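Let me begin by handing over the structure; questions about it come next.
Derivation of every value follows stated rules applied to the coordinates shown; laboratory data play no part. Keep in mind it's a predicted model, so treat the numbers as computed, not measured. Quick reminder, even Gly has a Cβ in these numbers, built from the backbone with ideal geometry, and neighbours come from all protein chains shown.
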Amino acid sequence: MKILIKNALILTVNQQNEVLGNADIAIDNGCLQAIGKVSDNFEADKVLDATKQIALPGLVNAHTHIPMALFRNYADDLPFWPWLLEKIKPAEDHLSAEHVCWGAKLGVLELIQSGVTCFSDMYFYMDEVANVVKESGIRACLSGVLLEVDDLGPTFMKEAIDFHDSWHGKADGRINAFFGPHSMYLCGPEYLRETTAEARKRKTG
């Protein structure tokens, strides 16, 4: 589909930080074709009037754990460690793939409504998140969960490898699968070295 957005105030965020007034945007099958002045030869299937509207590049959310939208306001009054270990971890132990699917749908919907077009995530049941990304049209950098708790480090590593090999480059290139260790306090030095080696082997992050 060809879309023409007309009469927008465009914040280009290019090297010169140009602001284009009363400008147009041409889009062909989801790809930008022109910004500013659009050729009269561009035959749009849909025309949007953006008078008194601002157009700018999509925002990027670099740290999400997107299915945790389901935990919003849960024990938010606690300090970090009691919140994580006494409330969040026990709650996560009861999560199912279906919970993660619905949490991802809610979180991605909120991202899109907020102007976010790309996000980074690491969480459990990442296949569910990837499917939501595929359906929604958003872009994402995704990793299976990587942490060393309850002797599950090797299991999580295998799942992260399988996730990468199944999803990297999928959804028309909108999914970038990478290796995202949780933290230095839940991943030991050797585990972090192994994570780095697996990422380098696959030429990803």
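Among DSSP beta bridges lying fully in the stretch 1-112, give the percent that are antiparallel, nearest 5.
Among the beta bridges of the stretch 1-112, antiparallel pairing accounts for roughly 65 percent.
Arranged by the count of other C-beta atoms within 10 angstrom, fewest first, what order do Lys89, Lys134, Lys105 take?
Fewest-to-most Cβ neighbours within 10 Å comes out as Lys89, Lys134, Lys105.
Between the stretch 72-98 and the stretch 171-195, how many Å separate their Cα centres?
21
Using a Gaussian network for the chain with springs between C-alpha atoms less than 10 Å apart, which of these wobbles most: Ala177, Ala50, Ala62?
Ala50
According to the Cα gyration tensor, what semi-axes, each the square root of 5 times an eigenvalue, does the equivalent ellipsoid of the stretch 156-205 have, listed from largest to smallest in whole Å? Kindly include the intermediate steps, with their values, before the conclusion.
Details: eigenvalues 92, 21, 17 Å².
That gives 21, 10, 9 Å for the three semi-axes.
In addition: Per residue of the stretch 82-89, what does 6.51 cos²θ - 1.76 cosθ + 1.60 with θ = phi - 60° give for ³J(HN,Hα)? Whole Hz please, x for Gly and Pro, Karplus curve as stated.
Per-residue couplings from phi come out as x, 4, 6, 7, 9, 10, 5, 4 Hz.
Which of Leu152, Leu142, Leu78 moves the most in a Gaussian network model of the chain with Cα springs under 10 Å?
Sorting by GNM fluctuation, first place goes to Leu78.
Continuing with the same structure: Springs between alpha-carbon pairs under 10 angstrom, Gaussian network model over the chain: which of Cys31, Cys141, Cys101 fluctuates most?
Cys31
Would you grab the residues whose amide H sits under 5 Å from the one on Val116? Only those 5+ places off in sequence or on another chain, please, with H modelled 1.01 Å from N.
Amide H neighbours of Val116, under 5 Å, 5+ apart: Leu59.
Could you give me the ³J(HN,Hα) list for the stretch 122-134, computed from phi with Karplus coefficients 6.51, -1.76, 1.60 and θ = phi - 60°, whole Hz, x at Gly and Pro?
Whole-Hz 3J(HN,Hα) from phi for the stretch 122-134: 9, 6, 6, 6, 5, 4, 5, 5, 4, 5, 5, 4, 4.
So, one more: To the nearest whole percent, what portion of all C-alpha pairs in the chain is separated by more than 29 angstrom?
38
In terms of Cα to Cα distance under 19 Å, which aspartates and glutamates are near enough to Lys2, apart from those fewer than 8 places away along the same chain?
Excluding near neighbours in sequence, the set is Asp24, Asp28, Asp40, Glu43, Asp45, Asp49, Asp172.
Taking H placed 1.01 Å from N in the peptide plane, check which residues at least 5 places from Leu186 or on another chain put their amide H under 5 Å from its amide H.
Amide H neighbours of Leu186, under 5 Å, 5+ apart: none.
How do Trp81, Trp102 rank when sorted from fewest to most other Cβ atoms within 10 Å of their own Cβ?
Going from least to most buried by this count: Trp81, Trp102.
Another question about this same structure. Just tell me which lysines come within less than 20 Å, Cα to Cα, of Lys6; anything on the same chain fewer than 8 places away is out.
Hits, sequence-local ones excluded: Lys37, Lys46, Lys52.
I need Val116, Val13, Val100 ordered by Cβ neighbour count within 10 Å, fewest first.
Listing Val116, Val13, Val100 from fewest to most nearby Cβ atoms yields Val13, Val116, Val100.
Oh, and also: With θ set to phi - 60° and the Karplus curve 6.51 cos²θ - 1.76 cosθ + 1.60, what are the ³J(HN,Hα) couplings of the stretch 27-35 in order, to the nearest whole Hz, using x for Gly and Pro?
10, 10, 6, x, 10, 5, 10, 7, 9
Also, quick follow-up: Long-range amide H contacts for Val38: which residues qualify at under 5 Å (H placed 1.01 Å from N, peptide plane, sequence gap of 5 or more or a different chain)?
Asp24
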